[in-house]
Each structure stands twice: as C-alpha cells, then as structure tokens.
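The values are calculated or read from the model by the stated rules, or taken from the named source; none is laboratory data. Only a predicted model underlies this, so the values are computations on that prediction, with no experimental measurement involved. Glycine also receives a Cβ, built like all others from the backbone with ideal geometry; neighbour counts cover every protein chain displayed.
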C-alpha cells in the first residue's frame, strides 16, 4: 500500500506554526479598576473570552481558576465580541467609549 504523507506534513507544519504563535502572545493580569468578567457563573457557562473595554485590539480570557488575563490581538486585528476571535477590521467601531 502506497501512503501519501503530504497532507500529514502540511498539518504538522501548521501545528508547529500555531504553537509558536501562542508562545509569543502577550498576556497580563487585568487592571484592578476594571471589573473581572470571570465570575463563577461565566466559567460554568463556558464564557471565557470577553471584549476589553474601549480597546478593541484586546480581549479578556478567563482561566480555569477564574483569573482574568488581558491578551492582545495580532497586529492589525480587532476582537470580534460575537464570534470571540480576532478579525481584520474593527466590528465594534468606536461605540461605547
């Protein structure tokens, strides 16, 4: 049986790239003057990604212990509050600030 490994190599190279991207992502604890969205209720509901107030290039990620982490989207991208991912083009505009 002849096995084509090209699709496996493609998957392996993409996985390696994604791991490197995650290792370089900036994250920091939430400032104390912003209320944490990482409540027990949110964690139980699986709500772990939240928009960062007035800075649409950032978002808040909750870890399993309920800590709030501020994370930056990649350069030129904005956090989409409905899809919970970073996208090109600001879907939030300048509302709420």
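Here is the figure for the range 52-76: residues that are assigned to a loop (DSSP other than H, G, I, E, B) and surrounded by 17 or more Cβ atoms within 10 Å (Cβ to Cβ) total 3. The residues on offer are 79, 49, and the sole one that is at pLDDT 95 or above and surrounded by 14 or more Cβ atoms within 10 Å (Cβ to Cβ) is 49. Of all residues in the range 11-30, none are at pLDDT 90 or above and in contact with a strand residue (DSSP E or B) (Cβ under 7 Å, 6 or more places away or on another chain).
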